[in-house]
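This is the structure I have questions about; it appears just below.
The values are calculated or read from the model by the stated rules, or taken from the named source; none is laboratory data. Treat the numbers as computed from the prediction; the structure is a model and nothing was measured. FYI the Cβ positions are ideal-geometry reconstructions off the backbone, even for glycines, and counts take in every protein chain you see. Heads up: the accessible areas ignore ligands, DNA and RNA and are worked out on the full protein's heavy atoms, side chains in. Shrake-Rupley method; radii C 1.70, N 1.55, O 1.52, S 1.80 Å.
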Amino acid sequence: MKGLKLILSLVVLSIIHVQHSTAQSGYVEDALRFSQFGSTGSARISALGGTQNALGGDISNVHGNPAGLGFFQQSEFSLTAAYSDWNAETFLLNQSRGYNATNFSIPNLGAVISRAKGPLEVGDWRGGSFGISINRQASYNNNFGYFSNQLDQGSILDYYVDIYNEQGVPNGTDGLYFEAFLINPEGDGYNYVPNATLALEKSEMIENEGSMSQIGFSYGGNYKNKLFIGASLGINSVNFRSTKTYNEEFLDDNDESTLFSSLQENLFLEGSGINLGLGIIYKPVDRLNLGLNFKSPTWNRFNEEYDADIFANFTPPYEDPEFGTISESDAETDIFLSSYNLRTPMKVGAGFTYFFGKNGFISADADYLDYSTANLRSNVFNTGEDNVAISDIYGQAINYSVGGEYRIKMIRIRAGYAFYGDPFGEPGNLDRSTTKLSGGIGVKLPGFSVDFGLVNSMFNSYYNSYPGSNVATTENNILSGLLTLGFSF
């Protein structure tokens, strides 16, 4: 009898296997997701490829290199608006499917209060500036998915049959396929078999939304117009929501459906964090800036909510020896609530900016991160295996960028390039690096400035629905336009 056999299976499971519930999964992916974000801020900095380690006088210094605030001679208020278009094309077994998501946001809003000394005021310390900024560090608004009807693809039922036969039926999402009669016991109840073995079509849709924002408080000081030093405090706020819908449909020889199943998983995360920053910019000669920038790890606290449900349709109806005729079935998990702490990697950056008199400049940055140092802690579940996986899978990365500005009286013409290294320690033949091409134009007037930037980000991401399934490759292309208005006072 199915009920009795499930109880026996769970007894065996408790003896031979201990695991997290399905709600406590995916933390290795979270460690990377919340550790990655590009150089964001004003349209000016974005158009320059994000270079800001050795460049001062921009609102982006609040969350970039705070030493750059020491360059301000006037107070300033700044507002940036942005519109992004995210195109994703996913390939699985030589079949492709495209998705699109658009988003309007206010990625930066801030003010700098300058207390710089005038040219005739005495003293080696030339004053400084305090800045506060609300900045969007990362956006998670995107959709992607796939469809495949290849004959040689496996079924998720095969994956769970192996688990059930080895360990018994687990709790949580992993047990839903048993509860929905998609996998059934055979014989003495310890041998499990799938309810379908014919050709199948499979598809999945992943819908993500959310963002990471930071409120930054920074101060930068000026010593003899040669040495600029600064410090910052960042308070992060994160919200992330993901809905995954995984479908399988088995077909007979006439391409008629015999079994359809749909699994939906819902995850909601919200959290906050704090980090510190230190920065230095030194001018050995008037035309050259040399910058160093240090960002501490971000210490985050997350709360999560997870649930899953499954639906199945049998054609013809399935005849169960205990429950009789079943044409439709459904099962769902409880709502899992959990919390955990995540410490993301620190970042060390260096850069230089060389000025061609009043005609413009060229600037370049390099940042170092070690993603394997991310660490999880929780009083709710054991994070040991997740931390081992983080250390084994992720590695060191160097991000670099270069940008330049050409000035024609009050007009500013800008261009930039950025490369973000693959965060995986041994990426193999899967390239997860990101390339950004950027450009823009600005107008600088007394008391007012307006800047426009355009950024094209390109990267590949990889996804598999369950361990052992075929890997789907998604080619991502994000085109973002930014408009910044600055007011001096």
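Can you name every residue in the stretch 143-186 that is closer than 30 Å to Asn100 by Cα and either among the aromatic types (Phe, Trp, Tyr) or open to solvent by less than 20 Å² (accessible area, probe 1.4 Å) (or both)?
Our first condition is that a residue be closer than 30 Å to Asn100 by Cα; within the stretch 143-186, this holds for 143-156, 173.
Selection gives Phe144, Gly145, Tyr146, Phe147, Ser148, Gln153, Ser155, Ile156, Thr173.
Looking only at residues in the stretch 259-271 that are open to solvent by less than 60 Å² (accessible area, probe 1.4 Å) and under 21 Å from the mean Cα position of the chain (by Cα), which one is nearest to Phe130 (Cα to Cα)?
That would be Gly271.
How many of the residues in the stretch 413-444 are within 23 Å of Ala54 (Cβ to Cβ) and buried (at least 22 other Cβ atoms within 10 Å of the Cβ)? Steps first, answer last, please.
Here is the first cut: in the stretch 413-444, the ones within 23 Å of Ala54 (Cβ to Cβ) are 413-421, 434-442, 444.
Filter once more, so that each one left must be buried (at least 22 other Cβ atoms within 10 Å of the Cβ): 414, 416, 418, 420, 436, 438, 440, 442.
The total comes to 8.
Wholly within the stretch 56-144, which strands (runs of 3 or more DSSP E) include no fewer than the required count, namely at least 1 residues that are without any contact (Cβ under 8 Å) to a residue 60 or more places away in the chain?
Working: elements: 76-92, 95-114, 125-139.
It comes to 95-114.
Quick check on Glu204: is it open to solvent by less than 40 Å² (accessible area, probe 1.4 Å), touching a strand residue (DSSP E or B) at 6+ places or on another chain (Cβ under 8 Å), acidic (Asp, Glu) and touching a residue at least 12 places away in the same chain (Cβ under 8 Å)?
Details: open to solvent by less than 40 Å² (accessible area, probe 1.4 Å): yes; touching a strand residue (DSSP E or B) at 6+ places or on another chain (Cβ under 8 Å): yes; acidic (Asp, Glu): yes; touching a residue at least 12 places away in the same chain (Cβ under 8 Å): yes.
Answer is yes for this residue.
Please note which strands (runs of 3 or more DSSP E) are completely contained in the stretch 377-465 and include at least 2 residues that are under 30 Å from Ser155 (Cβ atoms). First the steps, then the outcome.
Numbers: elements: 396-408, 411-420, 434-445, 448-463.
It comes to 448-463.
Within 19 Å of the chain's Cα centre (by Cα), modelled with pLDDT under 95 and of a type in the set (D, E, K, R) - does that describe any residue in the stretch 30-48?
Looking through the stretch 30-48, at least one residue is within 19 Å of the chain's Cα centre (by Cα), modelled with pLDDT under 95 and of a type in the set (D, E, K, R).
In the stretch 285-320, which residues are of a type in the set (Val, Ile, Thr) and open to solvent by 20 Å² or more (accessible area, probe 1.4 Å)?
Going residue by residue through the stretch 285-320, those that are of a type in the set (Val, Ile, Thr) are 285, 298, 310, 315.
Residues satisfying the conditions are Val285, Thr315.
For the stretch 283-305, indicate whether the set of residues that are more than 24 Å from the chain's Cα centre (by Cα), part of a strand (DSSP E or B) and among the β-branched types (Val, Ile, Thr) is non-empty.
Step one: list which residues in the stretch 283-305 are more than 24 Å from the chain's Cα centre (by Cα), which gives 283-292.
Add one more test, that the residue is part of a strand (DSSP E or B), and what stays is 283-285, 288-292.
Still in the list and also among the β-branched types (Val, Ile, Thr): 285.
For the stretch 283-305, residues more than 24 Å from the chain's Cα centre (by Cα), part of a strand (DSSP E or B) and among the β-branched types (Val, Ile, Thr): present.
Here's the yes/no breakdown for (1) in contact with a strand residue (DSSP E or B) (Cβ under 8 Å, 6 or more places away or on another chain); (2) at positive phi; (3) surrounded by 24 or more Cβ atoms within 10 Å (Cβ to Cβ):
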residue: Ala31; (1), (2), (3): yes, no, yes
residue: Ser60; (1), (2), (3): yes, no, yes
residue: Asp85; (1), (2), (3): yes, no, no
residue: Asn94; (1), (2), (3): no, yes, no
residue: Ser105; (1), (2), (3): yes, no, no
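Follow-up question, since we're still on this one. Any idea how many residues of the stretch 445-461 are touching a strand residue (DSSP E or B) at 6+ places or on another chain (Cβ under 8 Å), surrounded by fewer than 19 Cβ atoms within 10 Å (Cβ to Cβ) and of a type in the set (A, V, I, L, M)?
Going through the stretch 445-461 one residue at a time, the tally reaches 3.
Right, something else. What residue, among those in the stretch 217-258 that are aliphatic (A, V, I, L, M) and within 28 Å of the chain's Cα centre (by Cα), is most open to solvent (accessible area, probe 1.4 Å)?
Of the stretch 217-258, the ones aliphatic (A, V, I, L, M) are 227, 229, 231, 233, 235, 238, 251.
This time we only want the ones that are within 28 Å of the chain's Cα centre (by Cα), so: 231, 233, 235, 238.
Working: Ala231: 47, Leu233: 59, Ile235: 74, Val238: 5 Å².
Out of the qualifying residues, it is Ile235.
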